[in-house]
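Trainee: Shown below is the structure under consideration.
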Amino acid sequence: MDIVHYVNLAIKSIFVENILLAFFLGNCSYIACSKKIDTAMGLGIAVVFVMLICTPACWAIKNFFLAKGAMAWTHITALANVDLSFLIFISFIAVIAAMTQIVEMLVEKFSPALYSALGIFLPLIAVNCAILGAALFMDQRNYNFLESVVFGLGGGIGWALAIVAMAAIRKKLAYSNIPAPLRGLGITMLLSGLMSMGFMCFAGIRL
Amino acid sequence: MAEALLSQKNKKIFKDGMWDTNPITYQILGICSALAVTTQLKTALIMSCGLTLVTAFSNVVISVIRNYIPSQIRIIVQLTVVSALVISIDQFLRADMFEASKQLSVFVGLIITNCIVMGRLEAFAMGNPPWKSFLDGLGNGLGYSSVLILIGTIREIFGSGTILGYQVMPPSFYAQGYVNNGMMVLAPGAFFLLGIIVWIQRSISGYSESN
């Protein structure tokens, strides 16, 4: 497949099918962390990194161990036709939890300020639906290895884009007079709806 | 002295999950699936049942073994228990309700990362006895379900004119020029609707976030 296919996939996963604004994945940390731009940027970068690593890792687990007939490479005849695809959920989440732990250790070592700013949300990336969701979409759509890399990167960038944009908007909201019951969650939802409508306009892009 | 099964405190634990500390409108958890599966009432109902079962029973299991889990691996243990439950539900759906499971696609698997499940495990089941944990899980699951069913009904009626597949918008409306609201079945409609529901619920319950 030529490069145009992968560029189209990247554009689709960043803009048209933005993993947060079109598929609603990763909303909880999005709402909670989008109050300040620094935190949003830090979390966005962490999610990009984790998604970029986890999606191909999950692809490997699925295609070398779990799919039907995947273990033929071991040349053990008893394993040649085994279908372990029901273990996909639990192995994917195990890979994601492990990767998140590693990213957490790296962030703590290289950027203690970011580590304390993110607080509980860094380990919570493990249960961020966006990461598991990207892996499950990769499984459902049967991507090959390169597609899963592009999809992981694109999905992460799209999520980061949405959360940083929301943080920028909410910073301006500090000067607005929002009714009390609408503050926080309510207004974020309404704004996300408008952003989502905006991102739908990308649907016409083709290369 | 053993507490009655449905004592005042136990009832409060159950009721809190449904209104005062409703997982979606107050705790802000589980939003992802609340928006994604509610284009139709049927998928919303299936997701509600699935999540209530997973929350209630994982709460019980973790609560029973809570004193034996080493603190460093507790997230892994929790994820394992939840994954096992979700895998069973997913296999059941694929076997008995195949078209619905196709529509729900990845969102059944995403119950594992649903913040409500993990949130209640960490906040309640790790420190409370099994029956209370079960009530807490059940209450939160039903609170989540009520919001889901509300959103699903509204989106399906106004977005497709049907409920559970049955046409409810009278054909005379269409004849006079009424058109289904396309935005309701798309992503932005879900966001707007949830924002409005949260607005209404918080106006009634009086809770508002301090900015």
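Each value in this text was obtained by applying a stated rule to the coordinates, not by laboratory testing. Because the structure is predicted, anything quoted here is derived from the model rather than measured. Cβ atoms come from the backbone with ideal geometry, glycine included; neighbour counts cover every protein chain shown.
Trainee: Quick one: count up the residues across segment B:62-80 that are assigned to a helix (DSSP H, G or I) and surrounded by fewer than 21 Cβ atoms within 10 Å (Cβ to Cβ).
Mentor: Taking segment B:62-80 first, the residues assigned to a helix (DSSP H, G or I) are B:62-64, B:66-68, B:71-80.
If we keep only those that are surrounded by fewer than 21 Cβ atoms within 10 Å (Cβ to Cβ) as well, we get B:64, B:66-68, B:71-77, B:80.
Qualifying residue count for the region: 12.
Condition check ((1) within 9 Å of another protein chain (Cβ to nearest Cβ); (2) over 22 Å from B:PHE158 (Cβ atoms); (3) polar (S, T, N, Q); (4) surrounded by 15 or more Cβ atoms within 10 Å (Cβ to Cβ)) across all residues:
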site: B:LEU6; (1), (2), (3), (4): no, yes, no, no
site: B:ASN10; (1), (2), (3), (4): no, yes, yes, yes
site: B:ILE13; (1), (2), (3), (4): no, yes, no, yes
site: B:TRP19; (1), (2), (3), (4): no, yes, no, yes
site: B:ILE28; (1), (2), (3), (4): yes, yes, no, yes
site: B:ILE31; (1), (2), (3), (4): yes, no, no, yes
site: B:LEU35; (1), (2), (3), (4): yes, no, no, yes
site: B:LEU41; (1), (2), (3), (4): no, no, no, yes
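Trainee: Moving to a separate point now. B:MET97 passes all but one of (1) farther than 27 Å from A:MET99 by Cβ; (2) within 19 Å of the chain's Cα centre (by Cα); which number fails?
Mentor: In the conditions (1) farther than 27 Å from A:MET99 by Cβ; (2) within 19 Å of the chain's Cα centre (by Cα), B:MET97 misses (2) alone.
Trainee: Filter segment A:42-94 down to the residues that are surrounded by 17 or more Cβ atoms within 10 Å (Cβ to Cβ) and among the hydroxyl-bearing types (Ser, Thr, Tyr), then identify the one that is nearest to the other protein chains (Cβ to nearest Cβ).
Mentor: In this case the residue turns out to be A:SER91.
Trainee: For segment B:107-127, does any single residue satisfy the condition of being touching a Leu at 6+ places or on another chain (Cβ under 9 Å) and free of Cβ contacts under 8 Å to residues at least 12 places away in the same chain?
Mentor: yes
Trainee: Oh, and also: Can you pull out the residues in segment A:115-133 that are on the phi < 0 side of the Ramachandran plot and of a type outside the set (A, V, I, L, M)? Write out each step before concluding.
Mentor: The first filter runs over segment A:115-133 and keeps only residues on the phi < 0 side of the Ramachandran plot, leaving A:115-118, A:120-133.
Selection gives A:TYR115, A:SER116, A:PHE121, A:PRO123, A:ASN128, A:CYS129, A:GLY133.
Trainee: Same structure again: Show me the helices (runs of 4 or more DSSP H) found entirely inside segment B:105-211 where at least 3 residues are of a type in the set (S, T, N, Q).
Mentor: Because the criterion is at least 3 residues that are of a type in the set (S, T, N, Q), the helices (runs of 4 or more DSSP H) in segment B:105-211 that meet it are B:130-160, B:187-205.
Trainee: Quick check on my filter: what residues within segment A:110-165 are assigned to a helix (DSSP H, G or I), within 11 Å of chain B (Cβ to nearest Cβ), of a type outside the set (Gly, Ala, Ser) and buried (at least 19 other Cβ atoms within 10 Å of the Cβ)?
Mentor: Residues satisfying the conditions are A:LEU124, A:ILE125, A:VAL127, A:CYS129, A:ILE131, A:LEU132, A:LEU136, A:PHE137, A:MET138, A:ASP139.
Trainee: Report, ordered by the first and then the second residue, all pairs with beta carbons closer than 6 Å, sequence separation of six or more or different chains, a first member in segment A:161-183 that is over 26 Å from B:SER205 (Cα atoms), and a second member that is outside any helix (DSSP H, G or I).
Mentor: Taking only residues 6 or more apart or on different chains, the pairs are A:ALA162/A:LEU20; A:ALA162/A:LEU21; A:ILE163/A:SER34; A:MET166/A:SER34; A:ALA167/A:SER34.
Yes/no per residue for (1) out of contact with any Lys or Arg (no Cβ under 8 Å at 6 or more places or on another chain); (2) free of Cβ contacts under 8 Å to residues at least 12 places away in the same chain:
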| residue | (1), (2) |
| --- | --- |
| B:THR38 | no, no |
| B:SER83 | yes, no |
| B:LEU93 | yes, no |
| B:PHE98 | yes, yes |
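Trainee: Pick out the one residue from B:GLY119, B:GLY195, B:GLY137, B:GLY159 that is surrounded by 17 or more Cβ atoms within 10 Å (Cβ to Cβ), more than 13 Å from every other protein chain (Cβ to nearest Cβ) and within 19 Å of the chain's Cα centre (by Cα).
Mentor: Working: B:GLY119 fails: more than 13 Å from every other protein chain (Cβ to nearest Cβ); B:GLY195 fails: more than 13 Å from every other protein chain (Cβ to nearest Cβ); B:GLY159 fails: within 19 Å of the chain's Cα centre (by Cα).
Step by step, each of B:GLY119, B:GLY195, B:GLY137, B:GLY159 is checked, and only B:GLY137 is surrounded by 17 or more Cβ atoms within 10 Å (Cβ to Cβ), more than 13 Å from every other protein chain (Cβ to nearest Cβ) and within 19 Å of the chain's Cα centre (by Cα).
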